[in-house]
Amino acid sequence: MIDLIYFILIAYGLTQILCYGKIFDKVRPTTGFFGELFRCSMCVGFHVGWFIYLLSCISKLFIIEFSLIDMFLMACLSSGTSYILDKIIDDEGLRLK
């Protein structure tokens, strides 16, 4: 269970950094296909999910056995939770409107 929480929080953090982090402002695409992709926390969250899943084989933070189905499902989990958290949390804290 704790592995799943770690996965979700790491995915959310990396998604936020890629979508909104000032460190990537100069290299983040703003137009075209990739510009659209990087404006969408759901889209970036999906790709972050499979990437983190692949990294799990060299990390001791969480252990996930490898299978393509699990990789797809974890990417979907990352996408959904990154999107939900993005919609309820902003730089000022919780959005309570």
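The values are calculated or read from the model by the stated rules, or taken from the named source; none is laboratory data. For clarity, every value in this text was computed on a predicted model and none was experimentally measured. Don't worry about glycine lacking a Cβ; one is built from the backbone with ideal geometry, like all the others, and counts go over all protein chains shown. When the accessible area is computed, the model is the full protein with side chains, heavy atoms only, and any ligands, DNA or RNA have been set aside. Shrake-Rupley method; radii C 1.70, N 1.55, O 1.52, S 1.80 Å.
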* Can you find a residue in region 19-40 that is touching an Asp or Glu at 6+ places or on another chain (Cβ under 7 Å), small (Gly, Ala, Ser) and open to solvent by less than 60 Å² (accessible area, probe 1.4 Å)? -> no
* To do: Consider only pairs whose beta carbons are under 6 Å apart and that are at least six residues apart or on different chains; among these, list those whose first residue lies in region 1-19 and is without any contact (Cβ under 8 Å) to a residue 60 or more places away in the chain and whose second residue is surrounded by fewer than 20 Cβ atoms within 10 Å (Cβ to Cβ) and of a type in the set (A, V, I, L, M, F, W, C).
  => 6/61; 6/62
* Just checking, how many residues over region 43-64 are touching a residue at least 40 places away in the same chain (Cβ under 8 Å), assigned to a helix (DSSP H, G or I) and surrounded by fewer than 17 Cβ atoms within 10 Å (Cβ to Cβ)? -> 0
* To do: For residue 30, work out the one condition from (1) farther than 16 Å from residue 89 by Cβ; (2) within 17 Å of the chain's Cα centre (by Cα); (3) of a type outside the set (Asp, Glu) it doesn't fulfil.
  => (2)
* Structure fact -> Per the filter on region 78-97, residues open to solvent by 50 Å² or more (accessible area, probe 1.4 Å) and part of a helix (DSSP H, G or I) are 83, 84, 87, 88
